[in-house]
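Asks: Shown below is the structure under consideration.
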Amino acid sequence: VTVLDTEAPIITSDSLITAFAEPGECYALLSNVSLPLISDNCGIDSSFYIGPNKLGVGENMVSVFVSDIHGNTRTREIIVDVVDNENPTVYAPDSLLIIDAEPGQCYALTANLEFPPMDDNCGIDSAFYSGAEQLEIGANTINISVLDIHGNSTTQEVIVTVFDSQAPEAYPDSMMMV
């Protein structure tokens, strides 16, 4: 009596697997994505993904291939949903800026501040300062908030020091009213 194994391996999985982008990158490596649950009545010989090794953020169609110890195989298409879960980075010291007051004023405007260097693995969507619109002479605490293209954000508190470097204006005596 010859017993033959004709039963193909089983790939047990939802059709969607979630993976996270590699640190500092905007993609996941397929070689680092966990395989779904596989089984066989006699034993698994090999299993692997078929598809590009770099999977961009979002949904990516790939195949899972599995073979058992008797040469039976099964292939199943699944979606690997790559998620960007890395927050943007702001490269700002605690004491961010030293700036001059607006001409003729005793304050600086937050809207006129430059942004420090910032970075994100997938890209910056927006950045803004929050706090007072007018920064008085001296040290002012404000926040820099940065949002990336996938909705991740970071906020950093910084101190902006405003100086009054404007010389007082002197008027000739003839302009003085008595």
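The values are calculated or read from the model by the stated rules, or taken from the named source; none is laboratory data. Keep in mind that what you see is a predicted model, and the values were worked out from it rather than measured. Ideal geometry is used to build each Cβ from the backbone, glycine not excepted, and the neighbour counts take in all protein chains shown. Areas reflect the complete protein model, heavy atoms only, side chains present, ligands, DNA and RNA absent. Shrake-Rupley method; radii C 1.70, N 1.55, O 1.52, S 1.80 Å.
Asks: Ignoring solvent entirely, what values of log10 I(q)/I(0) come out of the Debye formula for region 1-149 at 0.11 Å⁻¹ when each Cα is a single scatterer?
Replies: Log10 of I(q)/I(0), two decimals: -0.62.
Asks: Quick check: pseudo-label points 7 Å beyond the Cα along Cα→Cβ at Gln134 and Ser34, how many nm apart are they?
Replies: About 5.7 nm, to one decimal.
Asks: What GluC sites (Glu not before Pro) in region 40-117 are in a loop by DSSP, with at most 10 other Cβ atoms within 10 Å of the Cβ?
Replies: Numbers: sites: Glu59, Glu77, Glu86, Glu114; in loops: Glu86, Glu114.
Sites meeting the loop and neighbour criteria: Glu114.
Asks: Modelled label-to-label distance, Val1 and Asn85, 7 Å Cα→beta-carbon offset: nm?
Replies: 5.1
Asks: Here is a further query. How much of the accessible area of the chain, in percent, comes from carbon and sulfur atoms when a 1.4 Å probe is used?
Replies: Whole-percent figure for carbon plus sulfur exposure: 52.
Asks: With every protein chain kept in place and ligands, DNA and RNA left out, what is the accessible area per residue of the chain? Probe 1.4 Å, answer in Å².
Replies: 61
Asks: Can you compute the modelled spin-label distance between Ser46 and Ile149, with each label point 7 Å from Cα toward Cβ, in nm?
Replies: For the pair Ser46/Ile149, the computed spacing is 3.6 nm.
Asks: Taking 0.36 nm per residue of sequence separation and subtracting the Cα-Cα distance, how much length would be gained by fully extending the chain between Gln105 and Gln166, in nm to one decimal?
Replies: Additional length available on full extension: 21.1 nm.
Asks: Based on alpha-carbon centroids, what's the gap between region 1-16 and region 51-81 in Å, whole number please?
Replies: That distance is 16 Å.
Asks: All other residues with a Cβ under 12 Å from the Cβ of Glu25 taken together, and with Lys, Arg as +1 and Asp, Glu as -1, what is their net charge?
Replies: So the surrounding residues net to -3.
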